[in-house]
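One structure below.
The values are calculated or read from the model by the stated rules, or taken from the named source; none is laboratory data. On a predicted model such as this, the values are computed, not experimentally measured, just so you know. For neighbour counting, all protein chains shown are included, and Cβ atoms are generated from backbone atoms with ideal geometry for every residue, glycine included.
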Protein chains: 2
Amino acid sequence: MKGLRLHNYWRSSASWRVRLTLHLKGVPFEYVAVHLLKDGGQQNSDAYRSVNPMRTVPTLEWMEADGTERRLSQSLAIVELLQERFPTPSVFPEDSYLRARARMMAEYVNSGMQPLQNLSVLQRIKSELKGDDKAWGAYWNARGLEALETMVQPTAGRFCVGDTVSLADVCLVPQLYGARRFALDLSPYPTLLRIEAACAEHPAFQAAHPDRQPDAAPA
Amino acid sequence: MKGLRLHNYWRSSASWRVRLTLHLKGVPFEYVAVHLLKDGGQQNSDAYRSVNPMRTVPTLEWMEADGTERRLSQSLAIVELLQERFPTPSVFPEDSYLRARARMMAEYVNSGMQPLQNLSVLQRIKSELKGDDKAWGAYWNARGLEALETMVQPTAGRFCVGDTVSLADVCLVPQLYGARRFALDLSPYPTLLRIEAACAEHPAFQAAHPDRQPDAAPA
């Protein structure tokens, strides 16, 4: 696996998960910015649709040892592949049940929270249904974080599963950043905030933060 | 892993994925019905919240060899665990890249389609936003199936990835069933329909079908 190129967007949480996994594993990659708002959304361009028919970020491109060019989308599928190709340091707990719990928390963020408040959904809530997109996003984040705060209790150490960074932290940190964009009060989730603070001290989490990316445009 | 109990609902597509994986692997389990509509949704009861704070189905319960009782939620995390504990027959392609493609298609259904049209979201579209929940569900299914039809082309054989059933088929079949509930015209997706027909001939797909479950109440 060489010549890795990551099509991503600084503030997309799914992009962030993959970027973070690459940084955690120390795998170098080229950053290709796809602006989700500019030009009606660059992910909707014909050029990007040929890279990824789902029109989502991130997409990882690379070359195999035999020269074959490959592409893959869906953040958790990419993380699983990176784990198989670059096993150390691992982002999966050693113990089978703890590994399953890490995947459970990751999937809960990935399928139970993030999709309900991503850009294309918020746009449709606002434009088609004339709904309050901020209230919609806040509702699903609050509901999800309440469940996550309970879910993390049996395994929490310094991080979501014990004292080692795992896939669960990789998904949690971008989601908390997203929740703040809906002006959500996060004080009911002290365990999640404590874990987030521990992650913030980790060099890979610092390097992968949205504000540090080349296409960042903080308000 | 013994004494498996699956808390699930006949028509929930996430429940169906786990049920199907158990049938594909020939693992016996007890079926515990959680009715998502009766009693204001049995998943919202205190009893079920103590089983699963996310209030989602499915949840798998089992006992480890040493007597420890375990619980796990999130369909794809459960499928990954079942694959690790009961490796044959496998629901993951042998080849690393094809395995990643199977996970990509599964995640696209799991996070890009199903969450946007699940029961709790449709209820909120209707009750809070006074929106047309059927039109909402149809929109995301049509958009998703269009992408899936393109995505499956490079690998499709009898099934989504070659001629062996994988995780991708496990996610596709319940999603197509769900799409029909929104009265969607599926003729633009001939490859997906052909794969669905091949799956319908497989005994495990037959055994896991919603209409065959103890809590089924077909209209």
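Please specify each residue of the range B:22-40 satisfying the condition of being surrounded by fewer than 17 Cβ atoms within 10 Å (Cβ to Cβ) and either over 16 Å from B:L72 (Cα atoms) or touching a residue at least 60 places away in the same chain (Cβ under 8 Å) (or both).
Passing the criteria: B:G26, B:V27, B:P28, B:Y31, B:H35, B:L37, B:K38, B:D39, B:G40.
Would you confirm whether any residue within the range B:152-170 is surrounded by fewer than 19 Cβ atoms within 10 Å (Cβ to Cβ), more than 8 Å from chain A (Cβ to nearest Cβ), more than 16 Å from the chain's Cα centre (by Cα) and in a helix (DSSP H, G or I)?
Taking every residue of the range B:152-170 in turn, none turns out to be surrounded by fewer than 19 Cβ atoms within 10 Å (Cβ to Cβ), more than 8 Å from chain A (Cβ to nearest Cβ), more than 16 Å from the chain's Cα centre (by Cα) and in a helix (DSSP H, G or I).
Tally up the residues in the range B:92-134 that are free of Cβ contacts under 8 Å to residues at least 24 places away in the same chain, of a type in the set (A, V, I, L, M, F, W, C) and assigned to a helix (DSSP H, G or I), please.
Residues in the range B:92-134 being free of Cβ contacts under 8 Å to residues at least 24 places away in the same chain, of a type in the set (A, V, I, L, M, F, W, C) and assigned to a helix (DSSP H, G or I): 4 in total.
Just one of (1) closer than 26 Å to A:T150 by Cβ; (2) within 12 Å of chain A (Cβ to nearest Cβ); (3) touching a residue at least 40 places away in the same chain (Cβ under 8 Å) trips up B:R19, so point out which.
With (1) closer than 26 Å to A:T150 by Cβ; (2) within 12 Å of chain A (Cβ to nearest Cβ); (3) touching a residue at least 40 places away in the same chain (Cβ under 8 Å) applied to B:R19, the lone miss is (2).
For residues in the range B:181-192 being assigned to a helix (DSSP H, G or I) and modelled with pLDDT of 95 or more, which is surrounded by the fewest Cβ atoms within 10 Å (Cβ to Cβ)?
Looking at residues that are assigned to a helix (DSSP H, G or I) and modelled with pLDDT of 95 or more, I get B:P190.
Collect the residues in the range B:94-141 that are crowded, with 17+ Cβ neighbours inside 10 Å, acidic (D, E) and over 24 Å from B:L167 (Cβ atoms), keeping them in residue-number order.
The one that is crowded, with 17+ Cβ neighbours inside 10 Å, acidic (D, E) and over 24 Å from B:L167 (Cβ atoms): B:D133.
Every residue, every condition in (1) touching a helix residue (DSSP H, G or I) at 6+ places or on another chain (Cβ under 8 Å); (2) of a type in the set (D, E); (3) within 14 Å of chain B (Cβ to nearest Cβ), yes or no:
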| position | (1), (2), (3) |
| --- | --- |
| A:E30 | no, yes, no |
| A:V34 | yes, no, no |
| A:Q42 | yes, no, no |
| A:S50 | no, no, yes |
| A:L60 | yes, no, yes |
| A:L81 | yes, no, yes |
| A:F86 | yes, no, yes |
| A:S96 | yes, no, yes |
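Of the residues that make up the range B:142-155, is at least one closer than 23 Å to A:E80 by Cα, touching a residue at least 60 places away in the same chain (Cβ under 8 Å) and of a type in the set (G, A, S)?
No, because not a single residue in the range B:142-155 is closer than 23 Å to A:E80 by Cα, touching a residue at least 60 places away in the same chain (Cβ under 8 Å) and of a type in the set (G, A, S).
Quick check, is B:V51 surrounded by 14 or more Cβ atoms within 10 Å (Cβ to Cβ), over 27 Å from A:I78 (Cβ atoms), over 17 Å from the mean Cα position of the chain (by Cα) and not acidic (D, E)? Before you say what the answer is, go through the steps one by one.
On the way: surrounded by 14 or more Cβ atoms within 10 Å (Cβ to Cβ): yes; over 27 Å from A:I78 (Cβ atoms): yes; over 17 Å from the mean Cα position of the chain (by Cα): yes; not acidic (D, E): yes.
So B:V51 passes the test.
For the range B:27-51, what are the residues that are β-branched (V, I, T) and under 17 Å from B:A217 (Cβ atoms)?
B:V32, B:V34
Can you name the strands (runs of 3 or more DSSP E) wholly within the range B:6-88 that have at least 2 residues being among the β-branched types (V, I, T) and outside the structural domain of B:S111 (by TED's automatic domain parsing)?
Where strands (runs of 3 or more DSSP E) fall fully within the range B:6-88, none carries at least 2 residues being among the β-branched types (V, I, T) and outside the structural domain of B:S111 (by TED's automatic domain parsing).
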